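The block underneath contains the structure these notes are about, expressed in structure tokens.
The values are calculated or read from the model by the stated rules, or taken from the named source; none is laboratory data. The model shown is predicted, which means the values in this text are computed figures rather than measured ones. When we count neighbours, we look across all protein chains shown, and the Cβ atoms used for this are built from the backbone with ideal geometry, even at glycine. These area figures cover heavy atoms from the full protein model, side chains too; ligands, DNA and RNA do not enter into them. Shrake-Rupley method; radii C 1.70, N 1.55, O 1.52, S 1.80 Å.
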Amino acid sequence: MAIQQEQNFSAPEFFAHLIKRDKSAIEKVVRAYTEHLYRGALGLGFSPDAAAEVVQSVWVTFFEVVSNFEGRSHIRTFIFGILYNKASEMRKDQGRYDDSDPIEEVLDRRFDSNGHWLRPPVDPEQFMITSQTMELINSCIDRLPVSQRMAFCLKEIDDHGSKDICNILGVSVTNLGVLLFRAKNRLRECIESKGPKQA
């Protein structure tokens, strides 16, 4: 149902109804994306109650600014951009927003002065067989800085394309690559530090 609705969302006549705050058009958008937004907020590490609050805040803002929507991007991109901003605001309010990123230093400690492994990566098969992967991965995703978490969740969990993600986060393709690189390396460090150790 959401996919069929999304196909109509790109039509100019639908944009016109949306900008005029047509009740039917807004209802279609809300029905199509509320669950996706909620899952996205959960993926960013919010509790179920906080995720519901973020989603509600997204829709309040959407109703306030929908008349500014020009249809140059997909409506999904516009809405997820609001989600990212609201998530960032909530993190700042909670005092959990952290812009520092020492991941390069952490990675450097894996190698000696000659570039040889001091602590090689855990064998993937051994890890998958012996660890409680989902709980561990979710715990580590929750520790990512919000911008990295959002980039990772949009790309790897919600399967958004790079162009959409760049529009949502307001970053260049290069910056997105950096965010994903850092997120994946942070996740690897976190998972391996909590998961099974190599012999």
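Okay, here's what the table says:
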item	result
Sites matching GluC sites (Glu not before Pro) across the range 36-95 that sit in DSSP coil, with at most 11 neighbouring C-beta atoms within 10 Å	70
Whole-Hz couplings from phi, Karplus 6.51/-1.76/1.60, listed for the range 29-40; x for Gly and Pro	5, 4, 5, 6, 10, 4, 5, 5, 5, 4, 4, x
Charge context of residue 180, other residues only, Cβ under 10 angstrom, K/R +1, D/E -1	+2
Relative packing of peptides 19-29, 135-145, 34-44 - highest average C-beta neighbours within 10 Å first	34-44, 135-145, 19-29
Surface accessible to a 1.4 Å probe, residue 150 within the full protein complex, Å²	0
Protection proxy ranking, peptides 188-194, 170-176, average beta carbon neighbours within 10 Å, highest first	188-194, 170-176
Charge sum, other residues only, whose C-beta stays under 13 Å from residue 161's C-beta, Lys/Arg counted +1 and Asp/Glu -1	-1
Phi to ³J(HN,Hα) by Karplus 6.51 cos²θ - 1.76 cosθ + 1.60 over the range 163-168, Hz, x for Gly, Pro	4, 4, 5, 4, 5, 5
HN-Hα J in Hz across the range 75-90 - Karplus 6.51, -1.76, 1.60, θ = phi - 60°, x for Gly and Pro	4, 4, 4, 4, 5, 5, x, 5, 4, 4, 5, 5, 4, 5, 4, 5
Full-stretch length increase - residue 157, residue 63 - with 0.36 nm per residue and alpha-carbon distance subtracted	31.2 nm
Sites residue 85 and residue 193 - FRET efficiency at Förster radius 22 Å, r taken between beta-carbons, to 0.05	0.10
